[in-house]
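The values are calculated or read from the model by the stated rules, or taken from the named source; none is laboratory data. Computed from a prediction, not measured in an experiment: that's the story for all the values here. Note that we place each Cβ from the backbone using ideal geometry, even for glycine, and neighbour counts take in every protein chain shown. Note: areas computed on protein heavy atoms with side chains; ligands, DNA, RNA excluded. Shrake-Rupley method; radii C 1.70, N 1.55, O 1.52, S 1.80 Å.
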Amino acid sequence: MSVSPARSGARRAMNLPNILTFGRVLIVPAVVACLFWPDEYALRWTALGLFIVAAVTDFFDGYLARAWEQQSALGRMLDPIADKLLVSALLLILVADGTIRSWSLWAAIVILCREILVSGLREFLAELKVSVPVSRVAKWKTTMQMIALGFLIAGRAGEVVLPGTVRIGLGLLWVSAILTLYTGWDYFRAGIKYVVEE
């Protein structure tokens, strides 16, 4: 009995790596909801736990897709979207609750602007059928962002366990913002080359 191409495609799309990515998207509103009550320490720890789960799935969905040869167009599209949703939503809620404030707002703005720039460039380059591989520095940037956000999510609750938790998080956020500028320039340079040629 033959399997229709549509059913075969759906089966490939609903593999474990893609399910992990979908799960990461679903975790975003749950983490944000927990942070709506910034003074409830139990909720901050819950948010941190959910965020760690999301960060772990970010590693495993890509690793398993490559190891099991289950890479798909859906996964390639959804993975960066899930990452950007998670980072952007968390930066906004952490600004709203006052964890990120004053000069550190600029670090958050740099990160958000870079995400918008890279999304636009990727869309433009995709039309030209040009792919820009993820560099090692970009992976360091992502790792640094995740660690910084972890400290900032713990926030006031974390100060009870580790004094200086918020300060550590803000320091790492600035480091990730600097790496963000560097990797954003790499993407911009790759994109502008094709704009000039055209």
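Numbers at a glance
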read-out: Surface accessible to a 1.4 Å probe, residue 81 within the full protein complex, Å²; value: 70
read-out: For residue 39, solvent-accessible area (1.4 Å; no DNA, RNA or ligand), Å²; value: 110
read-out: Nitroxide proxy distance, nm - points 7 Å out along Cα→Cβ at residue 105 and residue 36; value: 2.4
read-out: Residues of region 17-42 with amide N under 14 Å of a point placed 7 Å along Cα→Cβ from residue 56; value: 20, 24
